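What follows is one structure encoded as structure tokens, with my remarks underneath.
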Amino acid sequence: MKGLTLDAGALIGLDNQSARMHALLDTARAEGLQVRIPAPVLAQVFRDGRRQAALSRLIKLRLTEVVPFEQHEARAAGVLLGLSDRSDVVDAAVVVCARRHHDTVVTSDPADMTALDPSLRLMIL
């Protein structure tokens, strides 16, 4: 596994003190895995850093990268949505990021991810 790309459900799990999510991040740290959060995912879940302490700590760690959503990723996400007849741009951003980095996607909604790309490696929360 190259790294992990987190979807919104993974970040919500972190905020909700999910033991599974915390254990997964501890393992990622111990193994030196890169953890990626596509910028649209962060925008979808971030509301108040004072009340989202775990999320705020995660995005400050060296092993975490908030991945920008550049024009070429936006276009790739749009094409992916068109091919799959789906409409969730944030989910498409997760898929595009995971494909680019050969990551495993950490998700609470595997059906949405596999609808966009059935070949994705998933870790289900």
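For THR114 and SER87, compute 0.36 nm times the residue count separating them, minus their Cα-Cα distance, and round to one decimal in nm.
8.3 nm
Given q = 0.15 Å⁻¹, what are the Debye log10 I(q)/I(0) values for region 3-124, with equal point scatterers placed on the Cα positions and solvent ignored?
The Debye formula, applied to the Cα set alone, gives -0.62.
Assign unit charges at the C-beta atoms only (+1 for Lys and Arg, -1 for Asp and Glu), then state the dipole size of the chain relative to its Cα centre in Debye, rounded to the nearest 20.
On the way: 15 positive and 15 negative charges, 97 e Å.
The dipole magnitude comes to about 460 debye.
Which one, ASP112, ASP91, ASP26, has the greatest fluctuation when you compute a Gaussian network model over the chain with C-alpha springs under 10 angstrom?
ASP26
Counting other beta carbons within 10 Å of each Cβ, put ILE37, ILE124 in order, fewest first. Please report the intermediate quantities before stating the final value.
Numbers: ILE37 25, ILE124 12.
Arranged by neighbour count, lowest to highest, ILE37, ILE124 become ILE124, ILE37.
Local charge sum around CYS97 (other residues, Cβ-Cβ under 15 Å, Lys/Arg +1, Asp/Glu -1)?
-3
Multiply the residue gap between ARG57 and ARG121 by 0.36 nm, knock off their C-alpha separation, and tell me the result in nm, one decimal place. Intermediate results must be reported in sequence, preceding the final value.
Details: separation 64, 0.36 × 64 = 23.04 nm, distance 2.59 nm.
Stretched out fully, the ARG57 to ARG121 stretch lengthens by 20.4 nm.
Provide the packing ranking of 44-51, 9-16, i.e. peptides ordered by the mean count of other C-beta atoms within 10 Å per residue, highest first.
Answer by packing, highest mean first, reads 9-16, 44-51.
Read-outs throughout are calculated quantities, based only on the coordinates presented, and are distinct from any laboratory measurement. Keep in mind that what you see is a predicted model, and the values were worked out from it rather than measured. Cβ atoms come from the backbone with ideal geometry, glycine included; neighbour counts cover every protein chain shown.
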